[in-house]
Structure formats: C-alpha cells, structure tokens
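Only one structure is covered here, and it is reproduced in the block below.
Readers should treat all values here as calculations from the given coordinates under stated rules, not as data from a laboratory. All values derive from a computational prediction rather than experimental measurement. All Cβ positions, glycine included, derive from the backbone under ideal geometry; neighbour counts span all protein chains shown.
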Amino acid sequence: MIRLASIVESSNDAIIGNTLAGIIHSWNSGAEEIYGYSISEVKGHSISMLAVPERPNEIPQILANITAGIGIDNYETVHLRKDGKHINVALTISPIKDTQNNVIGVSTIARDISDRKQVEQSLEQLRHQHQLILDSAGEGICVIDIFSKISFVNPAAAKMTGYGIKELVNNDWNFIIYGDQTNNKTNRISTEKNSQACAVNTTLEKGIVCQVTDELFGRRDGTFFPVEYVSTPILEQGKITGAVVTFKDITERLAVEQMKDEFISVVSHELRTPLASIHGALGLLKSGLLNQAPTRGRRMLDIAVANSDRLVRLVNDILDLERLHSHQVTMVKQTCNVSELMIQAASEMQPIAEKIGVSLSVTPIDTKLWGCADRLIQTLTNLLSNAIKYSSTGKTVWLTASKQRINKNQVNNSHHLTCGIQGDCAVAPACGINYGDQVLIMVKDQGRGIPADKIESIFGRFQQVDASDSRQKGGTGLGLAICRSIVQQHEGQIWAESTLGKGSTFFVALPILD
C-alpha cells in the first residue's frame, strides 16, 4: 500500500480521488503541478471547481456515468487552473468499488495535453493554409500515388479538365492523359501525342523530375487541350511513394505565339514589297539605263515615291496601333461636340472625294461626348477614306449620326466586331458593352460591299477584302484595327453591315455625356 501511494504521489499525471458527489478527498503532486492548487485548497471541495464556465453540465454527466458503472478512457476536454488559464487535458475516469462491487467513489487521472493540442492546432492551421494555397492556385495540381492513382486534385485541375474533384480522385492518371475511354471522341488525338511513355510513369519508376512542354490532356467532353506540366517525385525516407503533377493550360499562349508568328510574317511581307519596288526603281535609275528614256525614268521615280509613301504609312500605322494597344498614347479627353467632329472629318476628306468624283453627304448631330477629339476625328476620317476609296465615280458616301438607345438585340442581330475574338460576338456583356443612350455614327457607301466571310475579320491587323487592295488602293490593312482600338478606349463599339455589290455601313456607338 505504501509502495502504491508512492507511485501515485510521484506520477506526473494528476491523480484525483473524489466521492460520487464529486467531493475531492485525494490530490497528488501531479495534480498540484497541473492545476496549481495544493491539497489543502481543494480537499472537501467539488471537482466542479475545475470545470470551465462554458461546460457547466460536463462533470455532472461524467459522475452520473461513473455511478452507473461506466468508465471513461482518454476523454479530452478543457479544465480551469487556479490562475484562470484554460488547459487541455485527457481524462481517464474509473469507478472505485468496494469488496461487494459497489461503486463508492471516483478515480480521475488527468494528463496535461496543452502542448500537444497547440502542436495539433499549428499543424491544422498549416494544413488549412496549404489547402487554401492549393485551392487558389491557378495551375492544376494532382497528387499521384505509386500505383498511378489520383489521390488529390485541386479545383483548378478539375476546372481545366471539366471533371468534378470526386470523379478524378481514386481514378487512374491515364484518365487525364487519355481521357474517358467511354467517350467516342477520345483517342483521336491522344494516341498520337501520348504514344510515348508518360513522364509521370518515369517519375514514379525512377524518382526523377520530368518536365513536358507539349502534352495534351483530356476533358470530360472528350476534347483535348494543350498543356505543359512538371511531375515531381514524393520521397519518404528515400522511397518513392508518389508524384506531384503541376500543369497549366497553354491554349492562349499558343494562340498568342501563332498570332505573333503570323504578325511577323505579314509585317515582313508588307515591308519587303514596297522596299523591293523602291530598290528596283532606284537600281534602274542608278544604272543609267533610263538616261535615254526620261518618261520611263520619271515613271520609276513615281513608283519609288509612291512606295516610299506607302512604307511610311505602314510604319506609322504599326507604331500607332502598338502605342494604342500598350496605352502609351496619352489621350487628352475633353467635352467634344459630335457635330464639330463630323464636320471637321468630312472637310478633311472632301478634296479626296472630289478628286475621285464621289459626293460626300454629312448630316451632323448636336450632342456631346467625353473623348479625345483628335483620335475620334482620326477614326471618322479613316472610315470615310475607306468608303471613298471603294466607291466609284458618281456615287455617294453618307456620314450621319443619331441619338438612340442601343439594345442588345439590335446589335447582336447585325454583323459586328469590336473585341477581335474569333467566332464570338464582340458586343457580349463580357466585352464591356454599355447599353443605353448613345450617339450612333454611321458611314455608308455604295461600293462593292464586303463578303459575308470577311465581315468578321476586317477589323484585324493586315486584313483587307482583297490582297491587291494594298497596292491598288494604297491601304496598309491596319486602319480598321486602329479605329477599333480608339473606339474601345472610348468605351464604345464599332461594327459593320454589308451587302455584296450594294455597299457597306460602318457603325460607331459612343456613350453620350450626361
């Protein structure tokens, strides 16, 4: 008995004896250390003094269970120290029975687990933080186990593939690489692109980091999208237990690269053509072969001058467009009268119209908007210039305007293009259209018209209805792209309607100044 008492007294755990009513009668040194009370301070008092105010019914319920002969093992709760501090404890509570097996008291062993709880809380906070990072990451993240099964997928990965997270977890990694085998659209592309060993398998087998820049992943709808991804091994004590795959959809990047390549190709062609003419003309003049043919010499000079002018216009338009797109052009906006803008633009284009024999009819409107007058006039003169160039002698070009409320159906039912998104409507809400009271400026001609398959591309760079137009009409193919950029920076829209053989109408809708 003395030995048992010595063991109890020397224990680091709190060992407490109390009656079935909860009155404390024994209290070891471990209890003093954990709770801060001496034996004299607690003996004869209710064990409820250790309960926190938020849990008033906890100890009475425990005592009731013990009275019924039900023990409690490793019950975690919060108790109150003498100094008022809350501590986490794990309790093992057992009934004390007499020789007739009657419950006559309660034995409580309490262990301070505050440090462990703090570590667990820190780990939980860290886990939660990591989860937030994974969930908010823009790149797709998948964790693959050693058997090539997907054990974790973040929302970005699920969104890119079109699957739900639950659909991907526990599925084979090839489900993403090759797509759903039950879908009839699958394997058409994936068989070619993924015929070689998957880099993830290499990571799982050899424990090396693999980077792939030109893979295709499958979507739920059976289509595929280009990705680049990195697979990194998960190592535990030097053993490969899985892999982390981080990937991103590079569809937009490839499209931009293609556009860049096409732009460089077109620009180089457009620059070389006039340069070749200039070089050829100057070469003939320099050779002296045309000394005896002054008429032909003047013709060569005219060609060189015309192509020099064309080259200057091309370079200026390219620089102008790039500055507009990169917002390097400072637009000094102020209150502008639409009537004044229209009259000035028409006045600038009147000599060109008279030279070609085209009538220019202007119906201005007296309303105000907030904008850069120079850039808006540039837009109108560009549209008028095109209309005049593509009109024959005796025809008329109209420049008119009206106030009206632009509604979605009105614009969507016409041919238009303002945002440059191939195959999609540029006046959808995502493109930032402002439906409401606007001034609608129209430039209408009686020219040859624009084919239906060209109407949605003419606002692109170096886009012309006929490839010979740049030579015959002197255009650069950048004018409408510049107009589009200017109009967009005025929170407006630009689009076109045309009937082949009867003419075209270009519309510019700009918000009216309140």
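With a cut-off of 16 Å on the backbone N, the residues of the range 80-107 near the modelled label site 7 Å out from SER11 along Cα-Cβ are 89-97, 105-107. Cross-link pairs exceeding 22 Å between alpha carbons, from the set LYS355/LYS389; LYS395/LYS444; LYS149/LYS248; LYS333/LYS389; LYS159/LYS206: LYS333/LYS389; LYS159/LYS206.
Listed by Cβ neighbour count within 10 Å, with the fewest neighbours leading, ASP115, ASP145 appear as ASP115, ASP145. Here r is the Cβ-Cβ distance between GLU76 and ILE39 and R0 is 35 Å; the resulting FRET efficiency, rounded to 0.05, is 0.85.
With r defined as the distance between the Cβ atoms of ILE352 and ARG253 and R0 fixed at 35 Å, what FRET efficiency is calculated, to the nearest 0.05?
Using R0 = 35 Å, I get an efficiency of 0.25.
Rounded to the nearest 0.05, the FRET efficiency derived from the C-beta distance between THR396 and GLU340 at R0 = 30 Å is 0.85. Seen from CYS142, the other residues with C-beta closer than 12 Å to its C-beta sum to a net charge of -2, counting Lys and Arg as +1 and Asp and Glu as -1. Structure note, pairs LYS260/LYS403; LYS117/LYS166; LYS43/LYS85: Cα-Cα distances above 28 angstrom occur for LYS260/LYS403; LYS117/LYS166. Under the combined filter of DSSP loop state and at most 14 neighbouring Cβ atoms within 10 Å, the range 85-144 retains these trypsin sites (Lys or Arg not before Pro): LYS85.
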